[in-house]
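Q: Got a structure for you, questions after.
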Amino acid sequence: MICFSLSEEQTVMKETAAKLIQNCIRDNAHEMDEKGHIPAEYLTKFYELGTVPSMIPEEYGGYGMGHSPVMNSIILEELAFGDMGFAIASTLPALFVLPVLEMGTDQQKERLLPLFAQNPQECGTLGLNEPRFRYDPMELQSSAVRKNGSYVLNGEKCFVPMAQSAKHFLIAAAEEGKNGLYIVDRENPGLSVDEREKNLGLGTLENYRVRLENCEIPAEDKLGGEAGCDFGRLLQYTRTALAAIGTGVARASYEYARNYARERIQFGEPIASRQSISFMIAEMAYEVDAMRLMTWKSASALEAGKDAKRDSYLAKIYAGEMAMKITDYGVQVLGGHGYIREHPVERYYRNGRGIAILEGMAAV
Amino acid sequence: MINLETPEYLANLRSSMNNLAKGVLRPVARKYDEAEHEYPKELDLFRGMQIMGRPKKKKEGAANDSGNGKPKKGINLSTVATIEEMCWGDAGLLLSIPNAGLGNAAIAAVATDEQLERFGGKWAAMAITEPGSGSDSGSITTTAVLDGDEWVLNGEKIFVTCADRCDAVVVWATVDRKAGKSGIKSFIVEKGTPGFRLEHLEHKLGIRASDTGTFVLDNCRIPKNNILGSAEVKQDTEGFKGVMKTFDNTRPMVASMATGIARAALDFLREKMEESGIPLDYEKNPENASALQKEFHMMEAQLEAMRLLVWRAAWMADNEEFNNVEASMAKAKAGRCGTLITQKCCELLGPLGFSRKELAEKWMRDSKIMDIFEGTGQIQHLIIARNVLEMSSKELK
Ligand SMILES: Cc1cc2nc3c(=O)[nH]c(=O)nc-3n(C[C@H](O)[C@H](O)[C@H](O)COP(=O)(O)OP(=O)(O)OC[C@H]3O[C@@H](n4cnc5c(N)ncnc54)[C@H](O)[C@@H]3O)c2cc1C
């Protein structure tokens, strides 16, 4: 039955994530962003919640608790409310595990899932984005060519999170125009990780460009085997995740601006007592809610095992549009002070730009 | 547990209401846009039908429980879903459906059983607005004075929806000007009461099928027990807040009207796009799409956002959660976005969006009212802002 309120279990997880963010991230996010680093112990704290082993079935050494896109959306929003880079980094193993779990062959699952079930620090990542004008995840330029018993991959990937520490990669590439995912080990001589990227936002997250030069992998390392995988489904999971992240970033900007507007006195009264400010705050409030509802709608469809192509697409473009608008308002409400890096609104503004642009950085 | 999948009963309701709208309202939408003030006799079909989901008896309105602590299947959500479909057909006609006036909502909310008995079956309009009192509804000057067993009402009410066709009007009047908002009460005035005169009907930008009119109350005498709620003037403004509470139910309805009109416009645009072979894709990078495709997708996303905010507010009402701010959020968002979507559709339709041969131009005219009545967009933003900023109406004017 349709329901707009959280269950007890969802509330507990939301609060747990919120507490973690409050304790570790909220006060340190600025410093983390400046230094471009997430302290390992913070990530460990999130891994200890066991979200990845939970979704892995018992036969592969996990807890077999199932996989809930709605729950993951709730958690991602909370994490991104703390820091967008932290949200992506902490849920990164799932970005690798989920496609394997959902679309891998039995052999692929047997080989990879136990590694992630046993070691929550096991690092896998996904290389999807390509650094070029008119990039489209549905029309990849990275190629996979079948050669006897193997595939040869060529192409360049950007925004590959934590590529430097990752042991396993899923590389998105097209084989005769059909998109697929290919499992590549870090040791493969055809895969090279360039130096760390510097981007407009996501300062805390280690992002890398990854090059594939005649990278040869065994044919059985094509995800899903001969038939390949449902690439569109992957985008449904990742777009819903980005919408959840966008909601968290926008909410962070909204709450900060709201609190500031109450306290900042100009012309003898709080700036919030002027409609031009308070109406921005009102708009931020309901747009954050709208973003969240769109995310949850898409996640609900995924959870029900239904096709979420349209829902996830609309949730993502809405989140992309609104994350930018709201984080822009956030800076504007603070005026010149919002332009100074000591206030977080400028960081939200930079991160907010990423929601529309990025694809495949996290999965629900 | 969060679950925003449309339940089957609601999907079925939507499709049957859409059929009704398609079969009955759409075909006469243009006719009554042109024949302003003429009663759409086709609507007689709806007499006695619970289109707006208004309960006749109090208890019927209570949501029916689907189990212990589980979310409830309630009347508010069904109502907003129905309204969206009907307004997809025609908003002016929906507003003219017999016995489904705003006054009926007010009566359903606060009437005693005896009053429900007397007025429950009547078509009731709502008269708050006066020439000098619009958004500031607390400043109304129409007076009600108790004289023996009767109230004597004096004043002028404008912009009353269903003014011509209704059987009775819920009139806001003050029993004590000095008491400010706490002195404001609502009274049921029946058509034909001496001193109660329909002065004239307005000619409007849109929703022309709906009869909007002015009433003059000139020493109009009504029975003492025609007052809704208590006659007592308290020191606080709780009573006024009580009457304003009706809006928590009606604002999501108006927001749903905006959603229905916007969807009509979008559906028409989609039809034209499909006819000329312009594909709508939900996977490729939107930045590489044409301007037309991208605008379309963004409007579609806006429409989803509108509907979800509406459904949330209605769902909360069904589950007896206080939804004052969520109701305003739905109205603020849908009122504004509905206006923008219908405007944009006309633009994208080109000459078809300017011609009265098609309905797109009408939808643009109809939609505009949704950001005005039941509290303008600005008033909704004020309500939301005061709530989230925790500021009083004195601190945030
Ligand atoms: C077709 C139609 C049907 C209607 N049906 C009914 C009905 O059935 N019953 C009924 O009682 N009324 C009805 N109304 C009246 C409607 O509710 C009012 O028109 C509306 O509330 C706005 O009041 P106003 O027109 O006096 O505008 P004003 O209050 O004069 O507002 C003018 C502008 O100022 C803005 N504004 C006002 N106050 C503030 C503020 N504090 N802060 C910021 N901006 C502000 C408004 O948003 C608006 O943009 C109807 C109106 C129309 C046009």
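Q: At q = 0.13, 0.18, 0.19 Å⁻¹, what is the base-10 log of I(q)/I(0) for the stretch A:8-121 according to the Debye formula with one equal point scatterer per Cα and no solvent? Please give it to two decimals.
A: -0.50, -0.89, -0.97
Q: Using the Cα atoms as the points, what is the convex hull volume per residue of the stretch A:300-356 in Å³? The partial results should precede the final answer.
A: On the way: hull volume 4.2 nm³, N = 57.
Per-residue hull volume (Cα only) is 74 Å³.
Q: Report the Rg/Rh value for the stretch A:237-276, based on alpha-carbon coordinates and the Kirkwood definition of Rh.
A: On the way: Rg = 15.0 Å, Rh = 11.8 Å.
Rg divided by Rh gives 1.27.
Q: Any idea of B:Val145's accessible area? Nearest 10 Å², probe 1.4 Å.
A: Its heavy atoms expose roughly 80 Å² to the probe.
Q: What is the sum of charges around A:Thr105, taking Lys and Arg as +1, Asp and Glu as -1, for the other residues whose C-beta is under 13 Å from the C-beta of A:Thr105? It would help to have the intermediate numbers written out before the result.
A: Details: positive: A:Lys109, A:Arg111, A:Lys222; negative: A:Glu102, A:Asp106, A:Glu110, A:Glu220, A:Asp221, A:Glu226.
After counting each charged neighbour, the total is -3.
Q: Can you give me the long-range amide H partners of A:Glu216? Hydrogens built in the peptide plane at 1.01 Å from N, cutoff under 5 Å, separation of 5 or more residues or another chain.
A: A:Leu153, A:Gly190
Q: What are the principal axis extents of the Cα atoms in the stretch B:238-389, in Å, biggest first?
A: Largest first, the stretch B:238-389 extends 57, 35, 26 Å along its Cα principal axes.
Q: So, one more: For A:Gly127, list long-range residues whose amide hydrogen, built 1.01 Å from N in the peptide plane, is under 5 Å from its own amide hydrogen.
A: When sequence neighbours closer than 5 places are left aside, the close amide H contacts are A:Leu170, A:Ile171, A:Ala172.
Q: Also: Anything losing 50 Å² or more of accessible area from the isolated chain to the full protein assembly: pick those residues out of the stretch B:361-386, probe 1.4 Å, ligands and DNA/RNA ignored.
A: B:His381
Q: Tell me, what ³J(HN,Hα) does each residue in the stretch A:119-130 have, in order and in whole Hz, if you take phi through Karplus 6.51 cos²θ - 1.76 cosθ + 1.60 with θ = phi - 60° and put x for Gly and Pro?
A: Result, rounded to whole Hz: 10, x, 8, 4, 10, x, 9, 10, x, 10, 5, 10.
Q: Still on this structure, please answer the following. Are there GluC sites (Glu not before Pro) in the stretch A:105-183 that DSSP puts in a loop and that have at most 16 other Cβ atoms within 10 Å, and which ones?
A: On the way: sites: A:Glu110, A:Glu122, A:Glu139, A:Glu156, A:Glu175, A:Glu176; in loops: A:Glu122, A:Glu139, A:Glu176.
Loop-located and lightly packed - A:Glu139, A:Glu176.
Q: At 1.4 Å probe size, put B:Phe159, A:Phe81 in order of accessible surface, largest to smallest. Before the final figure, lay out each step's value.
A: On the way: B:Phe159 120, A:Phe81 20 Å².
Solvent-accessible surface, decreasing: B:Phe159, A:Phe81.
Q: Run the 1.4 Å probe and let me know the accessible area of A:Phe159, rounded to the nearest 10 Å².
A: Surface accessible to solvent at A:Phe159 totals approximately 50 Å².
Q: Tell me the carbon and sulfur percent of the accessible area for the stretch A:4-148, rounded to whole percent, probe radius 1.4 Å. Could the numbers behind the result be given before it?
A: Values: 2990 of 6190 Å².
Looking at the stretch A:4-148 in its full context, I get 48 percent from C and S.
Q: Still on this structure, please answer the following. Which length gain, in nm to one decimal place, applies between A:Val145 and A:Thr16 when the Cα-Cα distance is subtracted from 0.36 nm times their residue separation?
A: Values: separation 129, 0.36 × 129 = 46.44 nm, distance 4.56 nm.
Between A:Val145 and A:Thr16, full extension yields an extra 41.9 nm.
Q: What spacing in nm lies between the two simple spin-label points modelled at B:Arg177 and B:His203, each 7 Å away from Cα in the Cβ direction?
A: 3.5 nm
Q: Using modelled backbone amide H atoms (1.01 Å from N, in-plane), which distant-in-sequence or interchain residues come within less than 5 Å of B:Lys73's amide H?
A: The answer is B:Asn64, B:Ser66.
Q: With an 8 Å Cα cut-off and a minimum separation of 6 or more residues, compute the relative contact order for the stretch A:8-121 in percent. Please report the intermediate quantities before stating the final value.
A: Values: 106 pairs, mean separation 37.0, N = 114.
Computed over the stretch A:8-121, the figure is 32 percent.
Q: Round to the nearest 0.05 the FRET efficiency obtained for A:Glu48 and A:Ser276 when R0 = 35 Å and r is the Cβ-Cβ distance.
A: On the way: r = 46 Å, r/R0 = 1.30.
Result of the calculation: an efficiency of 0.15.
Q: Report the net charge of residues surrounding A:Ala117, where surrounding means a beta-carbon distance below 13 angstrom and charges are Lys +1, Arg +1, Asp -1, Glu -1.
A: Details: positive: A:Lys109, A:Arg111; negative: A:Glu58, A:Glu59, A:Glu110, A:Glu122.
Surrounding charge for A:Ala117 is -2.
Q: For chain A, take the alpha-carbon Rg, divide it by the Kirkwood Rh, and send me Rg/Rh.
A: On the way: Rg = 20.5 Å, Rh = 20.8 Å.
Rounded to two decimals, Rg over Rh is 0.99.
Q: Please give the helix A:309-334 orientation as an angle from the longest Cα principal axis of chain A, in degrees from 0 to 90, rounded to the nearest 10.
A: The two axes meet at around 40 degrees.
Q: Provide the descending list of Cα extents for the stretch A:231-357 along its principal axes, expressed in whole angstroms.
A: 56, 24, 16
Q: Continuing with this model, one more query. Step through the residues of the stretch A:83-99 one at a time and calculate ³J(HN,Hα) from phi using the Karplus curve (6.51 cos²θ - 1.76 cosθ + 1.60, θ = phi - 60°), rounding each to whole Hz and writing x for Gly and Pro.
A: Computed from phi, the couplings for the stretch A:83-99 are 6, 4, x, 5, 4, 5, 4, 6, 9, 4, x, 5, 5, 8, 5, 4, x Hz.
Q: If you roll a 1.4 Å probe over the stretch B:238-389 with all protein chains in place, what percent of the accessible area is carbon or sulfur?
A: Numbers: 3000 of 5350 Å².
Answer for the stretch B:238-389 is 56 percent, counting heavy atoms of protein chains only.
Q: Using only Cα atoms, find the angle between the long axis of helix A:275-303 and the longest principal axis of chain A, and express it within 0 to 90 degrees, rounded to the nearest 10.
A: With both axes taken from Cα atoms, the answer is about 30 degrees.
Q: Going 7 Å from the Cα of B:Ser135 along its beta-carbon direction, which residues of the stretch B:332-346 have the amide nitrogen within less than 19 Å of the resulting point?
A: B:332-340
Q: While we're on this one: Residues in the stretch B:330-374 near a label at B:His37, defined as backbone nitrogen under 17 Å from the 7 Å Cα→Cβ point?
A: From the stretch B:330-374, the list is empty.
Q: Same structure again: Under a 1.4 angstrom probe, counting protein chains only, how are B:Val170, B:Val110, B:Val24 ranked by accessible area, largest first? Intermediate results must be reported in sequence, preceding the final value.
A: Details: B:Val170 0, B:Val110 65, B:Val24 30 Å².
The ranking, largest first, comes out as B:Val110, B:Val24, B:Val170.
Q: If you don't mind, another one. Once B and A are treated as a pair rather than alone, how much accessible area drops out, both sides summed, in Å² to 100, probe 1.4 Å? Present the calculation step by step, with values, prior to reporting the outcome.
A: On the way: alone 18740 and 16390 Å², together 30150 Å².
Interface between B and A: roughly 5000 Å².
Q: Per-residue Cβ counts within 10 Å, from other chains only, averaged over B:277-284: what number is that? Can you show the working numbers first?
A: On the way: counts 0, 0, 0, 1, 3, 13, 12, 5.
So the per-residue partner count for this stretch is 4.
Q: Among the residues of the stretch B:1-39, which ones have their accessible area go down by 40 Å² or more when all the protein chains sit together, as opposed to their chain alone (1.4 Å probe)?
A: B:Met1, B:Ile2, B:Asn3, B:Leu4, B:Glu5
Q: Counting only protein heavy atoms, probe 1.4 Å: which residues of the stretch A:3-20 lose 10 Å² or more of accessible surface in the full assembly compared with their chain by itself?
A: Residues shielded by partner chains are A:Cys3, A:Phe4, A:Ser5, A:Ser7, A:Gln10.
Q: Once you put a point 7 Å from the Cα of B:Gln235 and another 7 Å from the Cα of A:Asn259, both along the Cβ direction, what distance in nm separates them?
A: 3.7 nm
Q: Could you tally the net charge around A:Arg310, taking each other residue with its Cβ under 12 Å from the Cβ of A:Arg310, Lys/Arg +1 and Asp/Glu -1?
A: Details: positive: A:Arg239, A:Lys297, A:Lys306, A:Lys309, A:Lys316; negative: A:Asp307, A:Asp311, B:Asp281, B:Glu283, B:Glu300, B:Glu304.
So the environment of A:Arg310 carries a net charge of -1.
Q: If you count only protein heavy atoms with a 1.4 Å probe, what accessible area per residue comes out for the stretch B:122-228, rounded to a whole Å²?
A: Numbers: 4180 Å² over 107 residues.
With the other protein chains kept in place, the stretch B:122-228 gives 39 Å² per residue.
Q: Now for a different question. Taking only DSSP H segments of four or more residues, each worth -39500 (n - 2.57), what value at 222 nm results for the protein assembly as shown once the sum is divided by all its residues, to the nearest 500 deg cm²/dmol? Don't skip to the answer; put the middle values down first.
A: Details: 25 runs with 349 residues, N = 761.
Result for the protein assembly as shown, helices only: -15000 deg cm²/dmol.
Q: Describe numerically, in nm with one decimal, the distance between label points set 7 Å from Cα along Cα→Cβ at A:Met65 and at A:Glu34.
A: 3.7 nm
Q: Once the convex hull of the alpha carbons of the stretch B:1-53 is built, what does its volume come to per residue, in cubic angstrom?
A: Working: hull volume 6.4 nm³, N = 53.
Residue-normalised Cα hull volume stands at 121 Å³.
Q: For chain A, what relative contact order do you get, as a whole percent, if you take Cα pairs closer than 8 Å and at least 6 residues apart?
A: Answer for chain A is 19 percent.
Q: Could you rank B:Tyr282, A:Tyr349 by how accessible they are, 1.4 Å probe, largest area first? Walk me through the numbers before you get to the answer.
A: Numbers: B:Tyr282 35, A:Tyr349 100 Å².
Largest accessible area first, the residues go A:Tyr349, B:Tyr282.
Q: OK, next. Write down the accessible area per residue of chain A in Å², having rolled a 1.4 Å probe over the full set of protein chains.
A: Working: 13930 Å² over 364 residues.
With the other protein chains kept in place, chain A gives 38 Å² per residue.
Q: For chain B, what log10 I(q)/I(0) values come out of the Debye formula at q = 0.06, 0.14 1/Å, with one point per alpha carbon and no solvent?
A: Taken in order of the listed q values, log10 I(q)/I(0) reads -0.24, -1.28.
Q: Find the accessible area per residue for the stretch B:242-397; the probe is 1.4 Å, ligands and nucleic acids are left out, and the unit is Å². Mind showing how you got there, number by number?
A: On the way: 5780 Å² over 156 residues.
The answer is 37 Å² per residue.
Q: With all protein chains present, how much of the accessible area of the stretch A:231-357 (probe radius 1.4 Å) comes from carbon and sulfur, to the nearest whole percent? Please report the intermediate quantities before stating the final value.
A: Details: 2030 of 4160 Å².
The C+S portion of the solvent-accessible surface of the stretch A:231-357 is 49 percent.
Q: Let me ask another. Could you work out the relative contact order of the stretch A:125-227? I mean the mean sequence separation of Cα pairs under 8 Å and 6+ apart, divided by the number of residues, in percent. Intermediate values should be presented prior to the final figure.
A: On the way: 235 pairs, mean separation 32.5, N = 103.
That works out to 32 percent.
Q: In angstroms, what radius of gyration and Dmax does the stretch B:88-151 have, counting Cα atoms only?
A: When restricted to Cα atoms, the stretch B:88-151 yields Rg and Dmax of 15.0, 49 Å.
Q: Report the calculated FRET efficiency for A:Arg186 and A:Phe133 (r = Cβ-Cβ distance, R0 = 35 Å), to the nearest 0.05. Numbers along the way, then the final one.
A: Values: r = 29 Å, r/R0 = 0.84.
So the FRET efficiency works out to roughly 0.75.
Q: Rg to Rh for the protein assembly as shown: what is it, with Cα atoms only and Rh by Kirkwood? Mind dumping the intermediate values first?
A: Working: Rg = 28.9 Å, Rh = 28.1 Å.
Answer for the protein assembly as shown: 1.03.
The values are calculated or read from the model by the stated rules, or taken from the named source; none is laboratory data. Owing to the predicted nature of the structure, the values given are computational and were not obtained by experimental measurement. In this analysis, Cβ positions are derived from the backbone assuming ideal geometry, glycine residues included, and neighbour counts consider all displayed protein chains. Accessible surface areas use protein heavy atoms only, side chains included; no ligands, DNA or RNA. Shrake-Rupley method; radii C 1.70, N 1.55, O 1.52, S 1.80 Å.
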